Amino acid sequence: MGRFEDILGTIQQAAEDEASWPDMLTRLADYLGSVEATLGGGAPGSLPQILSPRTNPAEIERYFTTFHDRNTLMRDMMGHAPGVVVVDESLSQFADFQRDTFYNEWCVPQRYNRAFGVRLATSTGWHGALMINLPGAIETEQVARFEAILPTLTRALEINKLIGQFSGLARSSLDVLELAGQAAILLDARGMLLDCNDSGTQLFEDGRLRQRHGRISSEDPATNRHLARLITLCLQAPDHTSGGRMQIPTPQGTLGVHCAPYPGGLLYPAGRRPAVIIIISDPQSRLRRRLARLQQRYSLTAAEMALALALVETGSRKAAADRRGVSDATARAQLTSIFDKTGVRKQTDLMRLLLAED
């Protein structure tokens, strides 16, 4: 058995890190001197899930397919109030449970001979139970240890489920903006990059935006200072109208940027909560998507695609060459290759192909 302070720290770490829960349950089982600590439950309308790190996954699957509906001990425990520690022998059906096939064919082979646990529920609608499984008699000290850490564990579960809920909302915000044809980037409370949608990712990949040590920037120092000021305003006054709009010039065109506090961000109970949302409009986003589809259809190279975009922007091959920083001869050779691949013969026909609606 470990130290009280150590298990509390492990539980608190799991509050903000979903991946830490299996390790936390394993350490909890060791702290209580048990075989396994099992957390099971789910939200209304969803299938229940079990997190039981020391249990063979095949046995968990067998539990759901064969024994879940026969777990009378669990049903009896779920009838108690949340937060009340219940010992198995105090349950009304415990004697019948010990004679049941589930107990003798599933619990006993894994040394889950005795158990105590607690019903849990969160404000997000999640409800379930945490079971501590033991090979032998339950000692008073084990229950007392569990009761001492239960408030911390309950808070950790509440925080974890809230994080999951708000993370889903944040992801949905990004996806909705993606459907609207806008890039979107979420920053945390330090102004660091937290998440972005596909269009936002594309801005970093093609160099129109940069990321340095987790912070967003562009090629222009004055633009960077302006963007940093808008982000700072959002962080300093998250409950008020703050942030603002600006433009970011890039070699591929000007981006329209709207920086604002993330709605509901203060309710997010984690250090890396979404604090700022940056919505970016690219006037040429439709054209870029059209060119990307043509690039795939006609096997255009990245250089040929860039020249095609420059042709639309400038209207002439020479101006497109200057925009691309290549010689007119190179642009002519690339244009000839584009003609061969697409089957057009004149620049005006190419422009029609590039600008046509899908």
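The values are calculated or read from the model by the stated rules, or taken from the named source; none is laboratory data. The shown structure was predicted, so the numbers you read here are calculated from the model rather than taken from an experiment. FYI the Cβ positions are ideal-geometry reconstructions off the backbone, even for glycines, and counts take in every protein chain you see. When the accessible area is computed, the model is the full protein with side chains, heavy atoms only, and any ligands, DNA or RNA have been set aside. Shrake-Rupley method; radii C 1.70, N 1.55, O 1.52, S 1.80 Å.
Which value, in Å to one decimal place, does the Kirkwood hydrodynamic radius take for the chain when every pair of different Cα atoms is included?
24.9
Determine the calculated [θ] at 222 nm for the chain from helices alone, applying -39500 (n - 2.57) to every DSSP H run no shorter than 4 residues and normalising by the residue count; nearest 500 deg cm²/dmol.
So the helix-based figure for the chain works out to -14500 deg cm²/dmol.
In Å², what does the accessible area per residue of the chain work out to with a 1.4 Å probe?
Working: 18140 Å² over 358 residues.
That works out to 51 Å² per residue.
Output the 0 to 90 degree angle, nearest 10, between the alpha-carbon long axis of helix 4-16 and the longest principal axis computed from the alpha carbons of the chain.
Taking Cα atoms only, the helix is inclined about 40 degrees.
Springs between alpha-carbon atoms under 10 Å, Gaussian network over the chain: tell me which of MET74, MET305, MET131 tops the mean-square fluctuations.
Between MET74, MET305, MET131, it is MET305 that shows the largest mean-square fluctuation.
What is the magnitude of the charge dipole of the chain about its Cα centre, with +1 placed on the Cβ of each Lys and Arg, -1 on the Cβ of each Asp and Glu, and no other charges, expressed in debye to the nearest 20?
With Lys and Arg at +1 and Asp and Glu at -1, about 1940 debye.
Per residue of region 107-115, what does 6.51 cos²θ - 1.76 cosθ + 1.60 with θ = phi - 60° give for ³J(HN,Hα)? Whole Hz please, x for Gly and Pro, Karplus curve as stated.
Using θ = phi - 60°, the values come out as 6, 4, x, 9, 6, 8, 7, 9, 7 Hz.
Near the amide H of LEU209, under 5 Å away, which other amide H atoms are found, from residues 5 or more places off or on another chain, if H is placed in the peptide plane?
PHE204
Given C-alpha coordinates of region 20-141, what is the ratio Rg to Rh with the Kirkwood estimate of Rh?
Result for region 20-141 is an Rg/Rh of 0.93.
Hey, got the dipole for region 196-352? About the Cα centre, +1 on K and R Cβ, -1 on D and E Cβ, debye to the nearest 20?
240
Pop the C-beta distance of VAL84 and ILE60 into the FRET formula with R0 = 25 Å and round what comes out to the nearest 0.05.
Calculated transfer efficiency: 0.45.
How big is the accessible area of VAL176 in square angstrom, nearest 10, if you roll a 1.4 angstrom probe over the protein chains?
Surface accessible to solvent at VAL176 totals approximately 90 Å².
Can you pull the percent of region 58-112's accessible area that's carbon plus sulfur, 1.4 Å probe, other chains left in place?
Looking at region 58-112 in its full context, I get 50 percent from C and S.
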